[in-house]
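Colleague: Sharing a structure here in structure tokens format.
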Amino acid sequence: SLSDRLTGALKDLRGKGRLSDADIDRTSREIRLALLEADVSLPVVRTFIARIKERSKGAEVSAALNPAQQVVKIVNEELVGILGGETRRVQFAKNPPTIVMLAGLQGAGKTTLAGKLGNWFSQQGHTPILVACDLQRPGAVSQLQIVGERAGVPVFAPHAGTSVGGEGELGISSGDPVEVARAGVEEARRLQHDVVIIDTAGRLGIDEELMRQASDIRDATQPDEVLFVVDAMIGQDAVSTAEAFQEGVGFTGVVLTKLDGDARGGAALSVREITGRPIMFASSGEKLEDFDVFHPDRMASRILGMGDVLSLIEQAEQHWDAQQAEATAAKITQGELTLEDFLEQMLMIRKMGPIGNILGMLPGAGQMKDALSQVDDKQLDRVQAIIRGMTPAERDNPKIINASRRLRIANGSGVAVSEVNQLVDRFYDARKMMAQMSGRMGMGGVTNRKN
Ligand code: GDP
Ligand code: MG
């Protein structure tokens, strides 16, 4: 499998400077294959890989990961970023009702989605109504009525049998979907539904009449959201379809359906890249509950087809963090913390994982944790500048930092000598305090945690 190829392809070269071009090229080739196998369109693959190579070139080799894992990690982060970079919630109208129009090819899953969306809005306390504007396909209106019934959401339809108000014939003379849409919105206003979901007709392929009808409905109702519904199984065709809909109708968001199938979901990346529109929802089955807001991380892992590799990477990093945390905790108990450790810990406050872990290992260290987490970023920058201005020997053994060294460090890092003094003092205080505290608390347990 791809995972095996990738993990087996490269030797362990942890912690050796920067990722080499060879590492990046080899891994990129595999990623490229993975993307193509996932049906990502070729131009999108090309730009994506170029971006990955660029980013990987500057990356330092991680101590926790081998180069292949690291490139995969970068790829995954980029994918998640692109897929969810501008994830946003439904745009609600300032003056209800909020109008959501569904557009897409026949069979994409619009009508099914109408029910799911209706259900979803209801669960959030909204009072949606569905409007049946597919007058093309025989049975489309009654399909929506069944869907609405199942979801417990009323349906506005052009003929008798509508569940709205139970009034039967609503007096719409023509079978004109634009009129139905308009009347549906009016009805929603009258009955104070705060969300209107407009189901529209699709065709098997893209054609002008379909686009004209959809854009007429759009013009007549001025939707707050136009959702382009696309079947994940159509793979490469998703691109041309999305382009046609973007040009013909325009849309504000994408819904990916049939993710319960075996499609790897490359359509998601292609559509996102090419139209710039966010993927907002995902549908994964015929039942009402087979529906969720879109999760970029799940999709990224699906597209890469490397769920195993990704979880291995995560484990490796967690393991590494834990190892580091234990090593530092051991140093703390023995009063051997260096300035390098000190800096590292301060920087980690920004990420707030590991420092929490380390301090968490010291019973009663809660107060210190609070104090440390209040250090602001500017202060951290200065501390960082000062420590970076020290030689490794100085960081390792602050005792050697005499007056002339202090002056050199201050000049080199653009601070006053008093600040260097302050930092060194603060460091000694912290080291003493931490060692005392851990000694008092009987911290033998820290180093034994590994068993
Ligand atoms: P429309 O033509 O765009 O309105 O599409 P429909 O809502 O009628 O859906 C077409 C077919 O796909 C129906 O048989 C649906 O039950 C099915 N369908 C819709 N969404 C999904 C999904 O997420 N997964 C699966 N497996 N089937 C779906
Ligand atoms: Mg339909």
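Quick note: the coordinates plus some simple rules give every number you see, no bench work behind them. Just so it is clear, the model here is predicted, and its values are computed rather than measured. All Cβ positions, even for glycine, are placed from backbone atoms using ideal geometry, and neighbour counts span all protein chains on display.
Colleague: Run the simple label-point estimate for residue 322 and residue 286 please: 7 Å along Cα→C-beta, distance reported in nm.
Modeller: Label-label distance for residue 322 and residue 286, simple model: 4.5 nm.
Colleague: Continuing with the same structure: How charged is the neighbourhood of residue 47? Take every other residue with its Cβ under 15 Å from the Cβ of residue 47, and add Lys/Arg as +1 and Asp/Glu as -1.
Modeller: Local charge sum for residue 47: +3.
Colleague: Report the Cα centroid-to-centroid distance between the range 419-433 and the range 308-345 in angstrom, as an integer.
Modeller: Cα centroid of the range 419-433 versus Cα centroid of the range 308-345: 22 Å apart.
Colleague: Using the Kirkwood radius over C-alpha pairs as Rh, can you work out the diffusion coefficient of the range 46-121 via Stokes-Einstein at 37 °C, viscosity 0.692 mPa s, in µm² per second?
Modeller: 200
Colleague: With θ set to phi - 60°, apply the Karplus curve 6.51 cos²θ - 1.76 cosθ + 1.60 along the range 216-221 and write out the HN-Hα couplings as whole Hz, x wherever there is a Gly or Pro.
Modeller: For the range 216-221, the Karplus curve yields 5, 4, 4, 5, 6, 10 Hz.
Colleague: So, one more: Which net charge results for the neighbourhood of residue 144, defined as the other residues with beta-carbon distances under 14 angstrom from its beta-carbon, given Lys and Arg at +1 and Asp and Glu at -1? All intermediate terms of the calculation are to be shown ahead of the outcome.
Modeller: Values: positive: 110, 116, 137, 150; negative: 134, 149, 199.
Net of charged neighbours comes to +1.
Colleague: I've got another one for you. For a Förster distance of 41 Å, can you work out the FRET efficiency between the beta-carbons of residue 311 and residue 123, rounded to the nearest 0.05? Present the calculation step by step, with values, prior to reporting the outcome.
Modeller: Details: r = 31 Å, r/R0 = 0.75.
So the FRET efficiency works out to roughly 0.85.
Colleague: Can you give the extra length, in nm with one decimal, that the chain gains between residue 425 and residue 411 once fully stretched, where that is 0.36 nm per residue apart less the Cα-Cα distance?
Modeller: Separation in residues times 0.36 nm, less the Cα-Cα distance, equals 3.2 nm.
Colleague: Here is the link list: 399/432; 110/287; 94/116; 57/378; 331/432. Which ones come out longer than 18 Å on Cα distance? Walk me through the numbers before you get to the answer.
Modeller: Working: 399/432 14 Å; 110/287 13 Å; 94/116 23 Å; 57/378 29 Å; 331/432 12 Å.
The answer is 94/116; 57/378.
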